[in-house]
Structure formats: C-alpha cells, structure tokens
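Below is one structure, written out as structure tokens; comments come after it.
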Amino acid sequence: MIHLPVSGIDMAWWPLVLIGFTVGVVGGYFGIGAAWLITPGLNIFGFPMIYAVGTDMTHVVGKSIVATFRHWRFGHVSAVIALIMLVGTFSGVEAGAQVVRYLTAKGLAGTVVRSVYMVILAFLFFYMLYDYLRARRIEIATGKKIGDIVGTGISKWLHEATAFLPPIVRCRNTGMLMSAWFIVFIALITGFIAGFLGIGGGLVRVPAMVYLLGLPTKVAVGTDLFEVMFSGAYGCFTYSVKGGVELLAAAIMLLGAAVGAQFGTICTKYVHGIFIRLLFSITCLFAFVATLLKQLSRPYERVYETGIQQVLLKAGYTKAQLSGLMLKQDVMQYYMVEVARRPDWYQAWLTANTYTKVGAAFILSAASFICLVILVQLVRGVAAERRAKLALEARAGATR
C-alpha cells in the first residue's frame, strides 16, 4: 500500500501501474488520452473522483511524449497541423466549459452532457463500423486489400470551400494542401465538444481529422498525440494550481503508460488504418455502455447527494474530502442510517454504487480486451515481419 498525500487515501500501487499500462497501449494505438477508462478505473480502486481528471491530465502528458516520438519515427505526425489546431482547441475548450457552467447553474449539466456524449459515441460507433464494413465489401468485390480510406466527400467539399483562404499550409506526411483557417475551424468544433463533455478530446478529434480534414488514419492518430502533449500540459498546469493532481499516482501510472505506449504505437506499424477504425468504433461502443450505466445511477444519486454532503460538512469534513468519503460503504452507512436517520438514502446509495461499480468493471474489462487485441496484432505483425526477413535472407543465400 502507498499513501497518496494530496487526496489522503491509501491504495495499492499495482492498479495504478495496470491502468497506466492499459491506457498507454490503447492511447498509443488510437492517439487518445483514454479519460473514459482512467476515471472509472481509478474510481473502482477507491481513488476520489475529484482528483481523477487532474491526475489523468498529468500522466497523459508523459505518455503522449513517449508515443509521439514513436509515431514521429514512423512518419505519422504532422506538426504543422497539430500546432495550428492548438489555437482552435484552447478557444473551443473554454467556450465549451462556459456552456457547461451555464447548464450547471440551471441544474441541467449532468444529464445534458451525458446525453450528448452518448449520442456522439453512438454516432461514431455506427459510422466507423459502417466505414469498415464498406471497405470489406470493396475488398470482396475487387479482390484487392484496402489498407485505409483517405478522404471523404465531406472533407473534399470542405477543402474546396476553404481553398481560397490564406495562409495555405502543406502536410508533408501526405502532401495535402489546406487552409490554416480550415484547420482552426475543425479544432474549434472538437475543442468545444471536448470542453463541453469534459474529455481529453481525442475521442472526437481523431475522427474529425480523418473524416473532415481527410487525413490518413495513422497520421490522425500521431498528430493528435503530438497536440495532446501541449494541451495536456496546459490542463496539467491548471489542475495542479487548483490542487487537483495526485503527483505520486500520476508518476506510478506513467511507469506503466510509458511501456504500454511503446507497444500500442509500434502496433500501428503492422495494422492497416481501416482496422484501427474498427477497433476505435468498438471502443466508442464500450464507452457508450459505461456512460449509460452512469446515467442510470443519477436518479438514485439525487436522492441522497445534497443531504449527505451537508451532513458530512457538519461533521467537520472538507469539500475536498467528500468525493472520497462517498465511495466508502461503512462511512455512508454510518452517516446515512445512524446520524441522519435516513435509511432511504442508504438504499439509494447502494443502488447507485452498484451501477457505478458495474460500469467501472465493464469499462476495465472492455479496455483489457482491446489492449489484448492490440498486443495480439503486434505479436502477429512482428512474427510476419520476422518470417519475411528470413525468407528474404534465404532467397539471397540461394542466389549466391
């Protein structure tokens, strides 16, 4: 067990390494921060929710640096697009956050944000799955293997509509020319969604770069990771100033993430971009189910949430301690039943806690499955490369 000084809790070190490794593999492969995994993952092991986001931001910076250097070596990073996107991302995130503050004041934030999140996840799942199946049908009809589908009707129309807006920048990885204003516009949209939903942004930014900017899948993944290095550093600084970062936990997670990111990034060398889209769509489905379970728990949380917080504050606890205390069954039973004399609160808490744990267990299992698929693809790719090398050496030896 280790003591985490900021949150004041004690927990085992191995869950942090495990979560870090899994997130490293998945993030390096997809180019996303995987906050949808880290938050419930930390929470199920007793980590207070209030510190999960800031700790995630901090560890993601280090993981993104490791993964970005690998993608850079593979030629998957467009630095010019990533740097231009930062301008729109920061502005969009702030605008999205302001809308959430407004909804929070109206008491609508939780339900609205989760509903919008589920709609986006469902759309991405069906659209990217359709994209993969369409590619498979073309393969069957033509007998030719499709590695990736670059560009869409929408992306081509957007490129043509903005081609007259200088400055025009060139993506060296693909040779594509596009207006910088077009890139900023896409970043504004994805940044707004990220700020509104309270996520890292990669879950919507990677598909946006694929389907709206028209980038190849692998370039979208590498470019997003490069962008995350900077936007994540900003988020890390912001949460650190507010005291929302558990640096020791972030450092331990980074040990696992640094290794996992190597595996996830290297695997993109051996798989086609269209297969990455298939796994990405499945990931969106898993995140949708986890969010739905959280939404189902909210009616029960509303029964006791405000009341128990007031009871705990009267008992001398600080607001920073409330999130962690409300995860502990013995504490909730004592203050709800013995102190507040509200057994109905406790029954509601048990139901909400069950939904939360089931959702967290589901997303951890789903992430482990995706991680395993990626690692299997990596092993198969390395083995195929090794066989091809041996065959080449054998042919070379036979010609001597």
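The values are calculated or read from the model by the stated rules, or taken from the named source; none is laboratory data. Small disclaimer: the values here were computed from a predicted structure and weren't measured. Please note: Cβ atoms are built from the backbone with ideal geometry, for glycine as well, and neighbour counts cover all protein chains shown.
One table, with the values for the structure above:
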item	result
Residue check for Ile193: part of a helix (DSSP H, G or I), surrounded by fewer than 24 Cβ atoms within 10 Å (Cβ to Cβ) and at pLDDT below 85	yes
Index of the failed condition, Val169 passing every other in (1) touching a residue at least 60 places away in the same chain (Cβ under 8 Å); (2) out of contact with any strand residue (DSSP E or B) (no Cβ under 7 Å at 6 or more places or on another chain); (3) surrounded by fewer than 23 Cβ atoms within 10 Å (Cβ to Cβ)	(2)
Criterion violated by Thr265 - all others in (1) buried (at least 21 other Cβ atoms within 10 Å of the Cβ); (2) at pLDDT below 85 satisfied	(2)
Which listed residue is crowded, with 17+ Cβ neighbours inside 10 Å and of a type in the set (Gly, Ala, Ser), from Ser91, Ser155, Ser115	Ser155
Residue within the range 113-122 that is closer than 26 Å to Arg205 by Cβ, more than 20 Å from the chain's Cα centre (by Cα) and in a helix (DSSP H, G or I) present	no
Residue match in the range 177-188 (condition: at pLDDT 85 or above, touching a Pro at 6+ places or on another chain (Cβ under 7 Å) and of a type outside the set (Ser, Thr, Tyr))	yes
Qualifying residue in the range 277-288 (condition: aliphatic (A, V, I, L, M), modelled with pLDDT under 85 and surrounded by 17 or more Cβ atoms within 10 Å (Cβ to Cβ))	yes
Boolean, Ile65 is closer than 15 Å to Leu254 by Cα and modelled with pLDDT of 70 or more	yes
Single residue of Gly260, Gly232, Gly214 found to be closer than 15 Å to Ser64 by Cβ, modelled with pLDDT of 85 or more and either small (Gly, Ala, Ser) or not in a loop (DSSP other than H, G, I, E, B) (or both)	Gly260
Condition met for Ile308 (of a type in the set (Val, Ile, Thr) and farther than 30 Å from Lys145 by Cβ)	yes
Lone qualifier among Val379, Val311 - being assigned to a helix (DSSP H, G or I), among the hydrophobic types (A, V, I, L, M, F, W, C), modelled with pLDDT of 90 or more and within 30 Å of Thr265 (Cβ to Cβ)	Val379
Pair list, Cβ under 7 Å, 6 or more apart: the range 381-400 residue surrounded by 10 or more Cβ atoms within 10 Å (Cβ to Cβ), other residue part of a helix (DSSP H, G or I) and modelled with pLDDT of 85 or more	Gly381/Cys267
